[in-house]
Amino acid sequence: MELLAKGGLRKMEAALENPVRYTLRLDDGDECVDMNALLGQPVQLKFEGEINCLHCGRKTRKSFNQGYCYPCFTRLPQCDSCIVKPEKCHYHEGTCRDPAWGERNCFAPHVVYLANSSGLKVGITRRQQIPTRWIDQGAVRALPILEVDNRLHSGLLEQIFAEHVADKTNWRAMLKGEVPELDLAAERDRLLALCAPAIDELRQAHGAEAIRTLPDENTLAIEFPVLQYPTKVATFNFDKQPEVSGTLLGIKGQYLILDTGVINIRKFGAYQVSIFA
């Protein structure tokens, strides 16, 4: 097999084409691989036994939060617990790890959306992260339903909807292609009616214009480059198995689907790897 690239893993870049086009770029540099071009071919990914923090570059024995060393994990705002649970944003308490970062990333337009990756789910993302966020989750359909001006409000809304609909993807079902047909516009109307009293309470607390409905948005359909879905999902882990090989049958979300199993590229961010085909 021929060495295609060598360096630190980053999550795959995804372009909305038909199907999605994936590029695997290493070390934020010019080392990159057109992953779609490898479909149907034998590939090998070899972990070289070294992990370098995505932020500071120092060697670390263990990766935290998909690619950070422990000091950066405990210090950086993008690793704070409120990123996973935005309803717990503490900027207003004066305890944000980096207020300037928070102003750039958390005080930007966010949308609450419905998606179908393994069934109906609700989620939130910055407006500028559409459609990347949906592609990363393996959603085959997605629809923005509400817009707000900051991450905290989007998190509070997500909590309201999560009482009636899932807020997580069943990744095994997503990788098997087990996705039911859903009318997201009809689900939007149903959930907005169901959640109207709680949404009105938020509007009263934060202002009538703080939460804006998006009735004119259209459902986006996303097609992924998958030749064949697995009937059983076996996962690879570089910490236990440094060499991963097989025929590349598909790419969905941030997963490579091989005939021998699947691997989540994003999970192993900062791992130094060699890629062969």
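Filtered by the rule that a residue be over 23 Å from the mean Cα position of the chain (by Cα) and free of Cβ contacts under 8 Å to residues at least 40 places away in the same chain, segment 182-192 gives 186, 189, 190.
The set of residues in segment 229-240 that are of a type outside the set (D, E, K, R) and surrounded by fewer than 13 Cβ atoms within 10 Å (Cβ to Cβ) comprises 231, 234. Among the residues of segment 258-272, those that are of a type outside the set (Gly, Ala, Ser) and either part of a loop (DSSP other than H, G, I, E, B) or not assigned by TED's automatic domain parsing to the domain that holds residue 51 (or both) comprise 259, 260, 265.
Looking only at segment 124-139, count how many residues are closer than 19 Å to residue 213 by Cα and of a type outside the set (Val, Ile, Thr). Full working, then the answer.
Applying the first criterion (closer than 19 Å to residue 213 by Cα) to segment 124-139 yields 124-131.
Now narrow it down to the ones that are of a type outside the set (Val, Ile, Thr): 126-129, 131.
Within segment 124-139, residues that are closer than 19 Å to residue 213 by Cα and of a type outside the set (Val, Ile, Thr) number 5.
Being within 19 Å of residue 237 (Cα to Cα), in contact (Cβ under 8 Å) with a residue 24 or more places away in the chain and assigned to a strand (DSSP E or B) narrows it down to one of 11, 46, so name that one. Show your work before the answer.
Working: 11 fails: assigned to a strand (DSSP E or B).
Testing whether each residue is within 19 Å of residue 237 (Cα to Cα), in contact (Cβ under 8 Å) with a residue 24 or more places away in the chain and assigned to a strand (DSSP E or B) leaves just 46.
No other residue among 62, 46, 6 is within 22 Å of residue 244 (Cα to Cα), basic (Lys, Arg) and within 22 Å of the chain's Cα centre (by Cα) apart from 62. When the residues of segment 177-197 are filtered to those that are surrounded by 15 or more Cβ atoms within 10 Å (Cβ to Cβ) and among the small types (Gly, Ala, Ser), which remaining residue is farthest from residue 224 (Cα to Cα)? So the residue we want is 185.
Here segment 94-124 is the region considered, the condition is being in contact (Cβ under 8 Å) with a residue 24 or more places away in the chain and of a type in the set (Ser, Thr, Tyr), and the residue that is surrounded by the fewest Cβ atoms within 10 Å (Cβ to Cβ) is 118.
Take residue 230 and tell me if it is part of a loop (DSSP other than H, G, I, E, B), modelled with pLDDT of 95 or more and in contact with a strand residue (DSSP E or B) (Cβ under 8 Å, 6 or more places away or on another chain). Here the answer is yes, as residue 230 does meet what is asked. Screening segment 198-216 for residues that are hydrophobic (A, V, I, L, M, F, W, C) and surrounded by 14 or more Cβ atoms within 10 Å (Cβ to Cβ) and picking the one that is nearest to residue 259 (Cα to Cα) gives 214. So residue 110 ticks every box in (1) more than 30 Å from residue 242 (Cβ to Cβ); (2) at pLDDT below 95 but one. Which box is left unticked? Only one criterion in (1) more than 30 Å from residue 242 (Cβ to Cβ); (2) at pLDDT below 95 is unmet by residue 110, namely (2).
Among the residues of segment 157-176, those that are exposed (fewer than 15 other Cβ atoms within 10 Å of the Cβ), within 30 Å of residue 235 (Cα to Cα) and either out of contact with any strand residue (DSSP E or B) (no Cβ under 7 Å at 6 or more places or on another chain) or among the basic types (Lys, Arg) (or both) comprise 168, 172.
In segment 233-257, of all residues being out of contact with any helix residue (DSSP H, G or I) (no Cβ under 9 Å at 6 or more places or on another chain), assigned to a strand (DSSP E or B) and small (Gly, Ala, Ser), the one that is nearest to residue 41 (Cα to Cα) corresponds to 246.
Set side by side, the residues 68, 91 differ, and just one is touching a Cys at 6+ places or on another chain (Cβ under 7 Å), crowded, with 18+ Cβ neighbours inside 10 Å and modelled with pLDDT under 95, which is 91. Sort out which residues of segment 193-226 are within 22 Å of the chain's Cα centre (by Cα) and not in a strand (DSSP E or B), and write them in order of number. Listed by number, the residues that qualify are 217, 218, 219, 222, 223, 224, 225.
The values are calculated or read from the model by the stated rules, or taken from the named source; none is laboratory data. Keep in mind it's a predicted model, so treat the numbers as computed, not measured. Quick reminder, even Gly has a Cβ in these numbers, built from the backbone with ideal geometry, and neighbours come from all protein chains shown.
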